[in-house]
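Peer 1: One structure follows; several queries about it will come next.
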Amino acid sequence: MSCSGSVPAIYDGCLVLMASQPINPSSTPPAPTDERVFFRDVKPYAIVDDLDQLRGPAGGVVELSHSVLWAPGGPYVDLDEPGGRGLAYRAVLAEGTVEDLAQILNRDQLIAAWPELMLPRRVREMWESRFPELPPATAA
């Protein structure tokens, strides 16, 4: 089997393909096309139908599944610790299912924390367009 324009070579015990033509470092790369798709633009995010579905605790320790939060310290987050609520809410909003949202997020606490949450742009846009009661983000 051969690759057109490539020459097989052995390097450090591994078979690698080397370009048979010299590479011109001054050549310009192909121009990007308008058809480029970014993961952030197609990643699916869960969202509830009504903020009243958010019946999570107002405080205390919550356990986040590994699919929602994979960070040092394990799955437990104390919502009353500085940064705890932001960490848990950010992870659930960006990675959670509708069930995770309903079990972890608290409606009143989400509304209060919303302006300060660091969220993916699409998450913020989705939630703010559906729920006008969520205040806009504060300037960084």
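The values are calculated or read from the model by the stated rules, or taken from the named source; none is laboratory data. Keep in mind it's a predicted model, so treat the numbers as computed, not measured. A quick note on method: Cβ atoms are made from the backbone with ideal geometry, for glycine too, and the neighbour counts reach across all protein chains shown.
Peer 1: Can you tell me how many residues within region 39-93 are of a type in the set (A, V, I, L, M), in a loop (DSSP other than H, G, I, E, B) and in contact with a strand residue (DSSP E or B) (Cβ under 8 Å, 6 or more places away or on another chain)? So that I can check it myself, show each step before the final result.
Peer 2: Kept after step one, since they are of a type in the set (A, V, I, L, M), are these residues of region 39-93: 42, 46-48, 51, 54, 58, 61-62, 64, 68-69, 71, 77, 79, 87-88, 91-93.
Imposing the further condition that a residue be in a loop (DSSP other than H, G, I, E, B) reduces the set to 46-48, 54, 58, 64, 68-69, 71, 79.
With the extra rule that they be in contact with a strand residue (DSSP E or B) (Cβ under 8 Å, 6 or more places away or on another chain), the set shrinks to 54, 58, 64, 69, 79.
Summing the residues that are of a type in the set (A, V, I, L, M), in a loop (DSSP other than H, G, I, E, B) and in contact with a strand residue (DSSP E or B) (Cβ under 8 Å, 6 or more places away or on another chain) in region 39-93 gives 5.
Peer 1: ILE10: β-branched (Val, Ile, Thr), modelled with pLDDT of 95 or more and outside any loop (DSSP other than H, G, I, E, B), yes or no?
Peer 2: Working: β-branched (Val, Ile, Thr): yes; modelled with pLDDT of 95 or more: no; outside any loop (DSSP other than H, G, I, E, B): yes.
No.
Peer 1: Limited to region 34-67, what total is found for residues that are touching a residue at least 12 places away in the same chain (Cβ under 8 Å) and within 24 Å of GLN109 (Cα to Cα)?
Peer 2: So the answer is 20.
Peer 1: Let me ask you something else. Test ILE104 against the criterion of being of a type outside the set (Ser, Thr, Tyr), touching a residue at least 60 places away in the same chain (Cβ under 8 Å) and over 20 Å from ARG40 (Cα atoms), and give yes or no.
Peer 2: The answer is no for ILE104.
Peer 1: For VAL61, are the conditions met, namely being over 20 Å from the mean Cα position of the chain (by Cα) and either modelled with pLDDT of 95 or more or surrounded by fewer than 19 Cβ atoms within 10 Å (Cβ to Cβ) (or both)?
Peer 2: Considered against the rule, which asks whether it is over 20 Å from the mean Cα position of the chain (by Cα) and either modelled with pLDDT of 95 or more or surrounded by fewer than 19 Cβ atoms within 10 Å (Cβ to Cβ) (or both), VAL61 comes out as yes.
Peer 1: What tally of residues in region 69-101 results from selecting those that are surrounded by fewer than 19 Cβ atoms within 10 Å (Cβ to Cβ) and in contact with a Gly (Cβ under 7 Å, 6 or more places away or on another chain)?
Peer 2: Here the count works out to 2.
Peer 1: Here's something else I'd like to know. Take region 117-140 and flag every residue that is under 19 Å from the mean Cα position of the chain (by Cα) and surrounded by 13 or more Cβ atoms within 10 Å (Cβ to Cβ).
Peer 2: Scanning region 117-140 gives LEU117, LEU119, PRO120, ARG122, VAL123, ARG124, MET126, TRP127, GLU128, ALA137.
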